[in-house]
Amino acid sequence: MGQTIPCCKSDSQETDIELVQATRLDSRILEPLIERLSSAKGADAYRRMNHSSLEEDDFVKRMSSSPSREVQLEADLFNMMALWLWPTVSNYVAEQLSVTVEPAIQRSLGSLRKSFSFDENRCHLGSKPVTFFGLTAWESAQPIMDGDLRNVTFRMDVIWEADLEVFFNLSMAKLGVKRVRLNGVVLVDFVGVQPKACMFQGVRSYFVNPPSLVTEFEGDLTSVLNLTWIKQRIQEGCLEQLSKMLVAPNRVGKVLDEQAEHFTVMRPGPKGILEVVVWKAEGLLAKDFNFFGKGTSDPYLVLRCGAVCFKSRPAKKTLNPNFEFRAMFQIVSLNHQQLNIQLLDEDQLGSEFLGMVDLPIQRMAQWGDGGKVSCDLSDKDGNAGENGHVLLSARFRPLIWKSKAEVEEMGICPDRAGFVILGIYSASNLPLGASSTQFWFEATSTGLLSENCAAPVMQVSPKLQQDRRAGEAHAERMAQERLLLRKIEAMRRHHMSLNDIADVLEIEPAHILILEGRAAGTFPTLVQHTIKWNCAFEFVVNTAEAIITLQLKSQTEDAKTTVLGTHTVPVCDLGDPGDSCVQTICLDDKIRVKVFLQVRFLAHI
């Protein structure tokens with residue numbers, strides 16, 4: 001139980017991606033790829049792809065013959081697509097390094113943050129794309145308000161041996177990443193099979209667990225970077241940003257059907273909530289030694305499941321700490337996710353590894369309320385026996401789609417625990433200012449079931465800037481209105497009638513009255529500035545008591561923060577679990593926010 005689950009490895013990472021019989025492709029697409037391969041290998045691949053015996057509907061037959069079981073498939077079509085798309089992906093990542101990753105690393109470096117920046121001229125992903133293998137597929141059902149969506153899910157192992165070039169400046173030194181190895185498991189969901197041209201309502205993809213990441217540096221001070229806490233901080237910053245985008249419960253994807261609900265496709269909610277308590281650890285390694293040679297440590301816990309990570313406070317000078325540390329995690333996939341528990345020793349310049357254990361969620365979900373379980377800790381190579389052990393308990397609470405009356409009658413949720421999704425589509429009529437002005441939402445809730453657990457007090461949306469073109473268009477409209485007003489005022493001084501002024505200016509009389517009303521302050525100035533977020537806030541709450549508070553804020557370039565509006569949502573007013581609603585809420589006299597609201601009960605088992 002205490003053994004670490006090994007990472008999957010590829011047998012042929014240094015070879016070119018072979019073309020296989022995935023589908024019949026046009027020769028104009030294949031020729032550039034075949035030229036990169038040896039002539040014999042390329043000719044054989046081309047011949048097999050265009051004259052193979054594999055039927056085009058072979059996949060459909062295999063899926064329909066055993067729809068509830070996983071089907072083994074070839075991953076080569078995905079590899080070919082990765083090869084074609086790699087230059088575009090490289091350009092996108094270079095942009096994200098500058099916009100997203102750089103600020104995160106700067107924050108993690110503390111007092112050194114101002115000395116760190118990426119070299120825009122030497123940031124690319126190289127020529128070797130991500131490689132996929134171990135591909136399986138199955139059909140699944142996603143519960144929705146009026147039934148189930150029929151989905152097709154692909155699981156694949158991902159490995160990337162990168163020949164990338166990512167250089168950055170740190171103080172007076174120029175440094176770079178010369179090698180990256182990334183390894184993880186990805187799920188791709190094709191959501192909502194339907195008899196329409198697009199075939200699916202949408203597609204989403206995500207890592208089920210945080211991928212492993214190994215980096216090596218080159219340039220000035222390379223030996224220092226590869227041996228000190230700076231390397232750890234940089235890797236943690238990169239993994240943090242990757243997790244925010246691509247690790248469950250976060251997803252990337254696209255809604256393909258305009259009539260499909262965005263949050264049903266992109267944020268379907270978890271299978272359930274896993275409640276974990278780490279009671280204590282015993283027999284830990286000693287990392288700190290005093291004058292008399294007696295060893296001790298200052299251990300603390302790091303619990304990670306998907307993109308969510310919680311840290312405990314350190315226990316001072318002990319090898320047998322009592323933690324009683326509680327945490328709650330969203331579980332997206334019972335079969336593929338795992339909980340990673342690490343014990344670290346706190347030091348001034350970083351942390352030293354004490355031990356770890358990876359626990360499959362499917363196994364933990366079967367513990368129920370059966371008591372505490374002891375798990376051996378292992379070293380970084382997965383060897384258990386000398387790193388001590390932890391004592392923990394866990395309870396899995398699945399989400400249910402039943403009405404309040406059914407839940408009360410069946411007694412399956414006596415504490416009225418529920419999972420609430422508050423999705424933000426967009427905000428309109430925002431005040432127009434400098435293009436550098438940032439806007440974001442903050443959400444909090446009362447009645448949290450995680451009040452005694454490690455959980456964020458406040459959830460914050462991405463900080464977005466207004467479209468520069470919107471500001472320019474608004475300024476142009478204002479200039480045109482001022483010119484019209486001067487002409488109107490001149491004609492009014494000559495006692496021209498409203499209709500005559502309208503004829504001369506070739507506009508409607510009502511438009512003249514609106515312009516004059518705005519100038520006098522009688523009519524509000526119409527601002528059409530809109531920002532789309534498509535992000536979600538999620539809370540585990542007591543549905544009878546919880547009240548969610550949503551705030552919209554802005555910050556100008558001079559760091560002045562303004563609260564633009566506040567709205568409260570009593571969870572008890574959201575209707576039956578499973579029901580969802582889309583509505584527009586008002587934050588003040590002007591600003592309108594389009595939101596998605598849904599609540600679901602958690603079973604008590």
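Within the range 581-605, being part of a loop (DSSP other than H, G, I, E, B) and either modelled with pLDDT of 85 or more or over 22 Å from L399 (Cα atoms) (or both) holds for L587, D588, D589, K590, I591, A603. Take the residues in the range 587-605 that are farther than 11 Å from S428 by Cβ and hydrophobic (A, V, I, L, M, F, W, C); name whichever of them is most open to solvent (accessible area, probe 1.4 Å). Here the answer is I605.
How about the range 356-385: which of its residues are in a loop (DSSP other than H, G, I, E, B) and closer than 18 Å to R397 by Cβ?
So in the range 356-385, the residues in a loop (DSSP other than H, G, I, E, B) come out as 365-372, 379-383.
A365, Q366, W367, G368, D369, G370, G371, listed by residue number.
What are the residues in the range 543-580 that are open to solvent by less than 40 Å² (accessible area, probe 1.4 Å), assigned to a strand (DSSP E or B) and of a type in the set (A, V, I, L, M, F, W, C), if any? The answer is I548, L550, L552, L564, V569.
For the range 306-326, the criterion of being open to solvent by less than 20 Å² (accessible area, probe 1.4 Å), part of a strand (DSSP E or B), farther than 26 Å from M245 by Cα and in contact (Cβ under 8 Å) with a residue 40 or more places away in the chain is met by no residue. Going residue by residue through the range 242-262, is there one that turns out to be in contact (Cβ under 8 Å) with a residue 24 or more places away in the chain, over 30 Å from K372 (Cβ atoms) and open to solvent by less than 10 Å² (accessible area, probe 1.4 Å)? Scanning the range 242-262, I find no residue that is in contact (Cβ under 8 Å) with a residue 24 or more places away in the chain, over 30 Å from K372 (Cβ atoms) and open to solvent by less than 10 Å² (accessible area, probe 1.4 Å), so the answer is no. Looking only at the range 191-211, which residues are open to solvent by 10 Å² or more (accessible area, probe 1.4 Å), part of a loop (DSSP other than H, G, I, E, B) and either under 27 Å from Q342 (Cα atoms) or small (G, A, S) (or both)? Those that are open to solvent by 10 Å² or more (accessible area, probe 1.4 Å), part of a loop (DSSP other than H, G, I, E, B) and either under 27 Å from Q342 (Cα atoms) or small (G, A, S) (or both): A197, N209, P210. Take the conditions (1) in a loop (DSSP other than H, G, I, E, B); (2) at pLDDT 85 or above; (3) over 30 Å from L135 (Cα atoms); F291 misses just one of them, which is (2). Those residues that are touching a strand residue (DSSP E or B) at 6+ places or on another chain (Cβ under 9 Å) and within 18 Å of L164 (Cβ to Cβ), I need them from the range 96-116; list them, please. Selection gives L97, S98, V101, E102, I105. Quickly run through the range 263-286 and pick out the residues that are among the hydrophobic types (A, V, I, L, M, F, W, C), under 22 Å from V308 (Cβ atoms) and either open to solvent by 20 Å² or more (accessible area, probe 1.4 Å) or outside any strand (DSSP E or B) (or both). Answer for the range 263-286, where residues must be among the hydrophobic types (A, V, I, L, M, F, W, C), under 22 Å from V308 (Cβ atoms) and either open to solvent by 20 Å² or more (accessible area, probe 1.4 Å) or outside any strand (DSSP E or B) (or both): F263, V265, M266, W279.
Look at E74 and say whether it is surrounded by fewer than 19 Cβ atoms within 10 Å (Cβ to Cβ), free of Cβ contacts under 8 Å to residues at least 40 places away in the same chain and out of contact with any helix residue (DSSP H, G or I) (no Cβ under 8 Å at 6 or more places or on another chain).
Working: surrounded by fewer than 19 Cβ atoms within 10 Å (Cβ to Cβ): yes; free of Cβ contacts under 8 Å to residues at least 40 places away in the same chain: no; out of contact with any helix residue (DSSP H, G or I) (no Cβ under 8 Å at 6 or more places or on another chain): yes.
So E74 does not fit the description; no.
Scanning the range 341-350 for residues that are farther than 16 Å from F323 by Cβ and in a strand (DSSP E or B), which turns out modelled with the lowest pLDDT? Even if it seems obvious, please write down each step before you answer.
Restricting attention to the range 341-350, the residues satisfying the condition of being farther than 16 Å from F323 by Cβ are 347-350.
Still in the running and in a strand (DSSP E or B): 347, 350.
On the way: D347: 82, G350: 73.
The residue in question is G350.
Of the residues that sit in the range 396-415 and are touching a residue at least 60 places away in the same chain (Cβ under 8 Å) and in a helix (DSSP H, G or I), which one is most open to solvent (accessible area, probe 1.4 Å)? That would be K404. Do you know which residues across the range 212-221 are open to solvent by 30 Å² or more (accessible area, probe 1.4 Å) and not aliphatic (A, V, I, L, M)? Within the range 212-221, S212, E216, E218, G219, D220 meet the criteria. Looking across the range 348-375 at every residue that is of a type in the set (S, T, N, Q) and within 29 Å of the chain's Cα centre (by Cα), the one that is most open to solvent (accessible area, probe 1.4 Å) is identified as Q366.
Pairing each residue of the range 337-358 that is closer than 16 Å to V277 by Cα and touching a residue at least 40 places away in the same chain (Cβ under 8 Å) with any residue that is open to solvent by 40 Å² or more (accessible area, probe 1.4 Å) and outside any strand (DSSP E or B), provided the two are 6+ apart or on different chains, yields C-beta distances under 6 Å for D358/I5.
The values are calculated or read from the model by the stated rules, or taken from the named source; none is laboratory data. Quick caveat, the model's predicted, so the values are computed rather than measured. A quick note on method: Cβ atoms are made from the backbone with ideal geometry, for glycine too, and the neighbour counts reach across all protein chains shown. All accessible areas refer to the heavy atoms of the entire protein, side chains included, with ligands and DNA or RNA removed. Shrake-Rupley method; radii C 1.70, N 1.55, O 1.52, S 1.80 Å.
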